[in-house]
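Novice: Let me give you the structure first, and then I'll get to my questions.
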Amino acid sequence: MDKELHIDRKEIEELVLYTRRFFNDQRLASDVRSKGPADYVTQVDIQVQKWLKEKLEEKYPRIQFMGEEKDNSGLDFNRPVWIVDPVDGTTNLLHDYKQSAVSIGLWDGKRIGLGAVYLPFLNEFFWAVEGEGAFLNGSRIRVSNNKTLEASLIAIGTSPYYKENAERIFDMSRRIFMKCQDIRRGGSAAIDMVYVACGRLDGYFEMNLNPWDYSGAYLIVKEAGGMVAEFDGSPVQFHKKSHLIVSNGHIWHEMQKEICI
Ligand code: 2AM
Ligand code: CA
Ligand code: CA
Ligand code: CA
């Protein structure tokens, strides 16, 4: 990462951990607006984004801010950008399912140099800086060592806002299911990815993800020894929608074989 940016881990961690109070406020979670099919925004999303935007802009005035719940036109990706999902897993929040995350990636103008994902309901803070490894609450994490799909637990994504893709997605999921130990559907891309990073899951795939869904967790998976790439094997692009396969590395190609028929 560009060292000139002078990012202080402790400072970012404190800002992110502060957001826990918004997640625990039932009034904010039940203040809901619909953005489209199966697509919602609550006051938790709004308040967490507002908090992070204000604080990050105050501490790092040279870094631009991209967030799911704002207009992101006019950003210059040749310069640094925070890529923020204030709540990943909003549908879970609506149902009090306790599986949601705050996700922050730092695009340094060339690549992702830092990733932070916070799980407020578990009080787990995942962190990675390029070349420095991945951490969960301060302890080093590694992906699992499972070498086959047969021994693997795989999370799927269902893209509920694009139900016209359902047949294709459930076809892929069925093929994966037939070869693996079992599947899970957690509802937060960021959580599924950091769970791959720390070995709770062996793989995950989903279509149509936005940069704020995966930018924070991307580096955490990579620094934990895992692999993240588009369905066709090409590198992840951070300014557009992506179809991603994420794994411990060993089973990436075996997953791809079932997904891309
Ligand atoms: P969200 O909770 O921040 O909206 C669930 O399938 C995953 O897809 C979650 O990470 C969810 O993020 C994300 N998601 C939800 N709506 C989406 C949309 N319209 N486009 C792309 N991703 C979406
Ligand atoms: Ca959303
Ligand atoms: Ca999201
Ligand atoms: Ca979100």
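Novice: Can you work out the FRET efficiency for the pair S34 and M178, with r the C-beta to C-beta distance and R0 = 22 Å, to the nearest 0.05?
Specialist: Once the sixth-power term is evaluated, E becomes 0.05.
Novice: Now for a separate question. Tilt of helix 211-223 relative to the longest C-alpha principal axis of the chain, in degrees (0 to 90, nearest 10)?
Specialist: The angle comes out near 70 degrees.
Novice: Go ahead and set up a Gaussian network model of the chain, Cα springs under 10 Å, then flag whichever of E167, E150, E132 fluctuates most.
Specialist: E167
Novice: How far apart, in nm, are two points set 7 Å out from the Cα along the Cα-to-Cβ line at K240 and at T148?
Specialist: According to this spin-label approximation, the distance is 3.8 nm.
Novice: Relative contact order (percent) for segment 82-132, with alpha-carbon contacts under 8 angstrom and 6 or more residues of separation?
Specialist: 27
Novice: What 222 nm value per residue comes from the helices of the chain, counting each DSSP H run with n ≥ 4 as -39,500 (n - 2.57) and dividing by all residues, nearest 500 deg cm²/dmol?
Specialist: Numbers: 9 runs with 84 residues, N = 261.
Only helices count here, giving -9000 deg cm²/dmol.
Novice: State the answer as a single residue: which of I169, S247, T148 lies farthest towards the positive end of the charge dipole of the chain, with beta carbon charges of +1 for Lys and Arg and -1 for Asp and Glu, about the Cα centre.
Specialist: It is T148, whose Cα lies furthest towards the positive end.
Novice: Another question, if that's okay. Where a Cα-Cα gap under 29 Å defines reach, which lysines qualify for K55, not counting those fewer than 8 residues away within the same chain?
Specialist: Counting by Cα, and skipping residues close in sequence, K55 has these lysines nearby: K3, K10, K35, K70, K98, K110, K222, K240, K241.
Novice: Please sort 33-43, 119-129 by packing, taking for each peptide the average over its residues of neighbouring beta carbons within 10 angstrom, highest first.
Specialist: Descending mean neighbour count gives 119-129, 33-43.
Novice: A further question follows. Provide K222, K147, K53 in ascending order of the number of other Cβ atoms located within 10 Å of each residue's Cβ, fewest first.
Specialist: K147, K53, K222
Novice: Once fully extended, how much extra length lies between K257 and Y161, figured as 0.36 nm per residue of separation less the alpha-carbon to alpha-carbon distance?
Specialist: 32.0 nm
Novice: Can you find, among V87, A116, S73, the residue farthest towards the positive end of the dipole of segment 70-120? Put +1 on the C-beta of Lys and Arg, -1 on that of Asp and Glu.
Specialist: The one lying farthest along the dipole's positive direction is A116.
Novice: Shape call for segment 29-182 from the C-alpha gyration tensor, a ≥ b ≥ c root eigenvalues: rounded (a/c under 1.5), prolate (a/b greater than b/c) or oblate?
Specialist: Note, shape of segment 29-182 comes out oblate.
Novice: When a footprinting reagent is the concern and you count Cβ atoms within 10 Å, what order do W51, W212 take, fewest first? Walk me through the intermediate numbers first.
Specialist: Values: W51 18, W212 25.
Exposure proxy ranking, most exposed first: W51, W212.
Novice: Sort K10, K59 so that the residue with the fewest other Cβ atoms within 10 Å of its own Cβ comes first and the one with the most comes last. Let's see the in-between values first.
Specialist: Working: K10 7, K59 14.
In increasing order of surrounding Cβ atoms, one gets K10, K59.
Novice: Another question about this same structure. Relative to the longest principal Cα axis of the chain, at what angle does helix 166-179 sit, 0 to 90 degrees, rounded to 10?
Specialist: Tilt of helix 166-179: around 60 degrees.
Novice: Further question: Helix 43-59 against the longest principal axis of the chain: what's the angle in degrees, Cα atoms only, rounded to the nearest 10?
Specialist: It works out to around 60 degrees.
Quick note: the coordinates plus some simple rules give every number you see, no bench work behind them. Since this is a predicted model, take the numbers as computed values, not measurements. Cβ coordinates were reconstructed from backbone atoms using ideal geometry, including for glycine residues, and neighbour counts include every protein chain displayed.
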